[in-house]
Every structure is written in structure tokens, then in C-alpha cells.
Amino acid sequence: MKKLTRKEEEIMNLFWDKGAMFVRELQALYDDPKPHFNTLSTMVRTLESNGYVAHKAYGNTYQYYPLISKEDYKKSTLSGIISNYFGNSYLSAVSTLVKEEKISVEELKELIEQIENGREL
């Protein structure tokens, strides 16, 4: 799956939050100055060609909806990062977080305890 650009991810977040929308509805969610309708329309069609959204036709206009959930996108993005930067080793990624002090040993212990006890993370 192709990684989303920052602008594409912004659009997808709106679809994930609001559900199916027409481009005009999407445009209305932006603060002023709003992106041009044609720009948004082009970006949504790109998202569609990349398999992120699909549409339902209503006459000459299309209502777009997400094909992939936010959770699935997060999982695939994380998998890509682990694969590309950590040799497909989740242990290496966690080790880097500890070394860089992004996660403490105490937090790791708490995470292990939650896993062992079968609690939601």
C-alpha cells in the first residue's frame, strides 16, 4: 500500500471521522482559506486510484467513502517503518525507543504486565 502524503492523510482523517462525503462537503470542513474545489477533487480521485477511497455516483456527482480503516492504515504504516528502518525487527524498534528515551523501562514493564494479564493496551 502506497504511503499517504501529509495532505492525503489530512483528507483521509476527515473521511475516517465523518464517513462518506461529496467533495463540496469535504471542502466545507476546512478553515478559510479553503482549498480549491478542483484541487480537493483531484486529490480525492488520486486517493481512489490508490485504493483508499471509492465512490457512489449520484447523477453527475460522486460521494466518496473510505475503503481502508484508520486502524488498518496505522498497522500497515507501522509495518512499513519496522520493515524499512529496523530490518523487520519489532524488538529492534522497541530497543531504539528505549535507547532514545522515548519509552522508559518502567513503561515497558507495565506493557509486559498488561500483556501477561490479557488487559487491553
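The values are calculated or read from the model by the stated rules, or taken from the named source; none is laboratory data. It should be emphasised that the depicted structure is a prediction, and the values quoted were computed from it without experimental measurement. Here the Cβ positions follow ideal geometry from the backbone for every residue, glycine too, while neighbour counts run over all protein chains shown.
Against the definition (over 17 Å from the mean Cα position of the chain (by Cα), within 16 Å of ASN13 (Cβ to Cβ) and in contact (Cβ under 8 Å) with a residue 24 or more places away in the chain), how does LEU40 come out, yes or no?
yes
Are any residues in the range 19-57 part of a strand (DSSP E or B) and surrounded by 12 or more Cβ atoms within 10 Å (Cβ to Cβ), and if so, which ones?
Selection gives MET21, PHE22, VAL53, ALA54, HIS55.
Identify the residue in the range 48-65 that is of a type outside the set (Ser, Thr, Tyr) and touching a Leu at 6+ places or on another chain (Cβ under 8 Å) and, among all such residues, is farthest from GLU9 (Cα to Cα).
Among those residues, the one meeting the criterion is ALA54.
Being surrounded by 11 or more Cβ atoms within 10 Å (Cβ to Cβ), outside the structural domain of TRP16 (by TED's automatic domain parsing) and farther than 27 Å from LYS2 by Cβ is true for just one of SER89, SER95. Which residue is that?
Result: SER95 is the single residue among SER89, SER95 that is surrounded by 11 or more Cβ atoms within 10 Å (Cβ to Cβ), outside the structural domain of TRP16 (by TED's automatic domain parsing) and farther than 27 Å from LYS2 by Cβ.
Might you let me know whether the range 10-18 holds any residue that is out of contact with any Pro (no Cβ under 8 Å at 6 or more places or on another chain), closer than 30 Å to SER92 by Cβ and not in a loop (DSSP other than H, G, I, E, B)?
Checked the range 10-18: at least one residue is out of contact with any Pro (no Cβ under 8 Å at 6 or more places or on another chain), closer than 30 Å to SER92 by Cβ and not in a loop (DSSP other than H, G, I, E, B).
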